[in-house]
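Peer 1: Dumping the structure here so I can ask a few things about it.
The values are calculated or read from the model by the stated rules, or taken from the named source; none is laboratory data. Not measured: the values here are computed from a predicted model. Positions of Cβ are generated from backbone atoms using ideal geometry, with glycine treated the same way; all protein chains shown enter the neighbour counts.
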Amino acid sequence: MFLSVLDMFKVGIGPSSSHTMGPMVAAAQFLDTLRASPFQAHGLRATLHGSLAFTGVGHATDRATILGLAGFLPDSYDATRAEATLAAITETKTIDAPGLGPLQFDPKTDLVFDYGPNLPGHANGMILRATDAQGDVILQETYYSIGGGFVLTETEMAAAGSAKSNARSDVPYPFQNAAEMLEMAKTSGLSIAAMKRANELRFRSAQDLDQGIDRVWEVMNACINRGMEGTGILPGGLKVRRRAKGIHDALIAERGLNMTAPHTINDWMSLYAMSVNEENAAGGQVVTAPTNGAAGVVPAVIRYYLDHVPGASPRRIADFLLTAAAIGGLCKHNASISGAECGCQAEVGSAAAMAAAGLAAVLGGTPEQIENAAEIALEHHLGMTCDPVKGLVQVPCIERNGLGAIKAVSAASLALRGDGIHLVSLDACIETMRQTGRDMHEKYKETSLGGLAVNVPNC
């Protein structure tokens, strides 16, 4: 099993990796397929299914799909150009798809929210179609946005399911689960980060890897800083106020008075995470970690490490992210990182496990202590539902990232107090997450049909 650190941590846009980034990527892939086909397209259509339909408007899935069909991609997204493009499409009922020319597309009729049963492959399904001049379908593809901005076609989804148990043999350390990871670390004498780096170097140069990791942290940190300066009301209609700046200003003022209580460190961790998730809710640039809905946890814990832990070194950020990516890969491979599939335990829970592992690593933890840290953090998110009010990635998502960061730091600290020997393994915890997600009622899996979403007024 190999998933690159640069795939786990992808630069993109808010508010959702599965509902915004994924559909945009899928639409761009459909354009590539259409360009390579012998057909002459005249129009485009899109149908959103399952969670993409139920929470699509709140997650900007409709906008993302249209912009993807217009050639936009998450990592190069230009907000100003996007708004102008959407206005032009609405007015002309035409998409000027790169390399394909003008294609008919009326957002009111050619983008359909289907609230019927989920497509068979995943709760986040969408079907894209190209039509000829008579309106007949000449090309069709089904895509699944499986979390974290990852997208699979229907064929790829089936192949992934049948090949899931087969680890890649073309990397030095092809661990499929935590037990194998620990055994390989013991045999090789390497840290988890070192094994992950060796696997990465099978596919890219050391320079490219280091530059990629540096950019990931640069975008994460910039997102925290922007969030701490942002003011106003978040879009979407809930009238949620941005709170990070006020919290930051208050913490700085208290620091100057030398009257800070020890528990205030929790407010700093929450601040860093909430800053990211307020930026995400506003549609800003974020990094999937492993998803947009959970994007605040990992950067918050890194910032906590750098700003509050004596002896912290920026040189250790790469080891933090490599270790976190290894844990995130295990969660994704053996369970899920998708809220629509397993609830928020798969998003903020996985993020907390990743962050706890990364922090334990840079604080000198052994592989066994790192695995223990990840397990503690994930265990205490098990069963967490995904119930965004009005389908927006705001309530409870923003504060939930802050509490996820606090749990991650506590988990790392607790694990480092022990020797790595513990009762519940990370593998058992990940399998429990998978089973819990399978048994969880659909209304608690990013549909906004249960939980807080139906008990909090949506206006």
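Peer 1: Check off (1) more than 21 Å from residue 124 (Cβ to Cβ); (2) modelled with pLDDT of 95 or more for residue 46 and give me the number that stays unchecked.
Peer 2: Unmet for residue 46, out of (1) more than 21 Å from residue 124 (Cβ to Cβ); (2) modelled with pLDDT of 95 or more: (1).
Peer 1: How many residues are part of a helix (DSSP H, G or I), under 26 Å from the mean Cα position of the chain (by Cα) and surrounded by fewer than 18 Cβ atoms within 10 Å (Cβ to Cβ) when one looks only at segment 167-183?
Peer 2: Residues in segment 167-183 being part of a helix (DSSP H, G or I), under 26 Å from the mean Cα position of the chain (by Cα) and surrounded by fewer than 18 Cβ atoms within 10 Å (Cβ to Cβ): 2 in total.
Peer 1: Give the residues of segment 436-459 that are within 20 Å of residue 50 (Cα to Cα) and among the polar types (S, T, N, Q), sorted by residue number.
Peer 2: 436, 447, 448
Peer 1: Quick one: is residue 306 in the same structural domain as residue 428 (by TED's automatic domain parsing), at pLDDT 95 or above and surrounded by 24 or more Cβ atoms within 10 Å (Cβ to Cβ)?
Peer 2: Answer is no for this residue.
Peer 1: How many residues does segment 282-294 contain that are more than 20 Å from residue 349 (Cβ to Cβ) and either in contact with a helix residue (DSSP H, G or I) (Cβ under 8 Å, 6 or more places away or on another chain) or among the aromatic types (Phe, Trp, Tyr) (or both)?
Peer 2: Of the residues in that region, 3 qualify.
Peer 1: What are the residues in segment 223-233 that are without any contact (Cβ under 8 Å) to a residue 12 or more places away in the chain and not β-branched (Val, Ile, Thr), if any?
Peer 2: Hit for segment 223-233 is 232, nothing else.
Peer 1: Restricting segment 104-130 to residues that are in a loop (DSSP other than H, G, I, E, B) and crowded, with 17+ Cβ neighbours inside 10 Å, which is farthest from the chain's Cα centre (by Cα)?
Peer 2: Here the residue is 105.
Peer 1: Right, next: List the helices (runs of 4 or more DSSP H) that sit entirely inside segment 186-285 and contain at least 2 residues that are β-branched (Val, Ile, Thr) and within 30 Å of residue 369 (Cβ to Cβ).
Peer 2: Here the list reads 206-227, 265-281.
Peer 1: Test each condition in (1) surrounded by 23 or more Cβ atoms within 10 Å (Cβ to Cβ); (2) under 20 Å from residue 10 (Cβ atoms); (3) out of contact with any Gly (no Cβ under 8 Å at 6 or more places or on another chain); (4) among the small types (Gly, Ala, Ser) for residue 60 and report the one that comes out false.
Peer 2: (3)
Peer 1: Would you please list the contacts, defined by Cβ atoms under 7 Å and residues six or more apart or on different chains, that run from a residue in segment 247-274 that is farther than 20 Å from residue 232 by Cβ to a residue that is part of a helix (DSSP H, G or I) and of a type in the set (Gly, Ala, Ser)?
Peer 2: Cβ pairs passing all conditions: 269/300; 269/402; 269/405.
Peer 1: Moving on to the next point. Looking for something closer than 18 Å to residue 301 by Cβ and either among the basic types (Lys, Arg) or assigned to a helix (DSSP H, G or I) (or both) - is there at least one such residue anywhere in segment 380-389?
Peer 2: So far as segment 380-389 goes, no, none of its residues is closer than 18 Å to residue 301 by Cβ and either among the basic types (Lys, Arg) or assigned to a helix (DSSP H, G or I) (or both).
Peer 1: When you go through 239, 186, 245 one by one, which is the residue that is within 25 Å of residue 282 (Cβ to Cβ), in the same structural domain as residue 367 (by TED's automatic domain parsing), basic (Lys, Arg) and loosely packed, with under 14 Cβ neighbours inside 10 Å?
Peer 2: After applying the criteria, what remains is 239.
Peer 1: Filter segment 137-160 down to residues that are small (Gly, Ala, Ser) and either more than 21 Å from the chain's Cα centre (by Cα) or surrounded by fewer than 17 Cβ atoms within 10 Å (Cβ to Cβ) (or both) and give me whichever is nearest to residue 294 (Cα to Cα).
Peer 2: Selected residue: 160.
Peer 1: Here's something else I'd like to know. Mind telling me which of the residues 424, 409 ends up being more than 28 Å from residue 118 (Cβ to Cβ), of a type in the set (A, V, I, L, M, F, W, C), assigned by TED's automatic domain parsing to the domain that holds residue 389 and surrounded by fewer than 19 Cβ atoms within 10 Å (Cβ to Cβ)?
Peer 2: Only one candidate passes the filter, namely 424.
Peer 1: Kindly indicate the residue of segment 1-20 that is of a type in the set (A, V, I, L, M, F, W, C) and in a loop (DSSP other than H, G, I, E, B) and also modelled with the highest pLDDT among those meeting that condition.
Peer 2: The extreme case among them is 9.
Peer 1: Could I ask something else about it? Please work out which residue is surrounded by the most Cβ atoms within 10 Å (Cβ to Cβ), limiting yourself to segment 313-337 and to residues that are over 18 Å from residue 174 (Cα atoms) and of a type in the set (Gly, Ala, Ser).
Peer 2: Filtering segment 313-337 for residues that are over 18 Å from residue 174 (Cα atoms) and of a type in the set (Gly, Ala, Ser), the one surrounded by the most Cβ atoms within 10 Å (Cβ to Cβ) comes out as 336.
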